[in-house]
Amino acid sequence: MILSMTGFGKAETTLSGRKYICEIRSLNSKSMDLSVRLAPQLRARELDLRTIVNQRLERGKVDLFIYEDAGSKSQEAGLTAINWVVAKEYALQYKEQFGEVPAEVMAAILRFPDVTKPQEESVELTDEQFEAVKALLNEAIDAFIAFRTQEGAALQAMFTEKLDGIADLLAQVEPFEKGRVAKIKERLEASLAQLSADTQAQIDRNRLEQEMIYYLEKLDITEEKVRLTNHIKYFRECMAAEGSGVGKKLGFIAQEMGREINTLGSKSNQSEMQIIVVKMKDILEQIKEQVLNVL
């Protein structure tokens, strides 16, 4: 089962009456690109938290947020902390301009963001509290991986549908291939019949047959069909395999599929076959776009 690089996970916990929230989200990236934003009391432990994420998540543009719920402190105390120094400064400025400060103006001042903004605490968590934070992080990662698995299943279903489409189009080439050789021979024979009798008498029929065989062999697409079929089979096997680096491997296989399809197009000398090849290329481009999202 393949995994998507796109994911989201969230978990919450309460420590000493305060709620902590952990969120993880990611997009596709060639390697691990981790951005971390932590509550002030967790910044000294950032390296430990990064190690956990790097060990459990292989790659992707990952954003990690662990923060304290803004309302948890005031809910715990039942009151909103007031920065009276800032409040008095606002009141003094009002008084200098307009005189006495009415009650309604003072009430408005007490609602200013910088007046009610709580002071950041730089106190670090104890080891026991940090273990709870690590458990919170792992819980969020579990939810994140579950999201990746769900998205991966959708990608795998899409890839299966697209691969079936290419295989069906490849099967449609066979009827044109059988009649193609006969048409080429007829065209060459018709061209020779237009030559003068003297010129035809000088033609070495054995050499002509050899050249025709060589020409037809260069147009033969049997090898390309076999290799493309094998690439499709290997693509399916890699999707079903467990392990890391599946996305990169699928990208390489898609490139090889593109080479075989391009060779089919260069060897096809019938408009019907060229239309089929164009359809194959269209489907393959859709696969290549989505392969970038596979872990």
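Bear in mind these aren't lab numbers, they're just calculated from the coordinates by the rules spelled out. Quick caveat, the model's predicted, so the values are computed rather than measured. We place every Cβ from the backbone using ideal geometry, glycine too, and count neighbours over all the protein chains shown.
Full extension of the chain segment joining residue 234 with residue 271 gains 10.3 nm, where the gain is 0.36 nm per residue of separation less the Cα-Cα distance.
Checked against a 18 Å cut-off, the cross-linked pairs 225/279; 248/288; 162/279; 185/225; 233/267 give Cα-Cα distances beyond that limit for 185/225; 233/267.
Figure the gain on full extension for residue 256 and residue 50 (residue separation times 0.36 nm, minus the Cα-Cα span) and round it to one decimal in nm.
Values: separation 206, 0.36 × 206 = 74.16 nm, distance 3.66 nm.
Stretched out fully, the residue 256 to residue 50 stretch lengthens by 70.5 nm.
Sorting 105, 115 from the fewest to the most surrounding beta carbons within 10 angstrom yields 105, 115.
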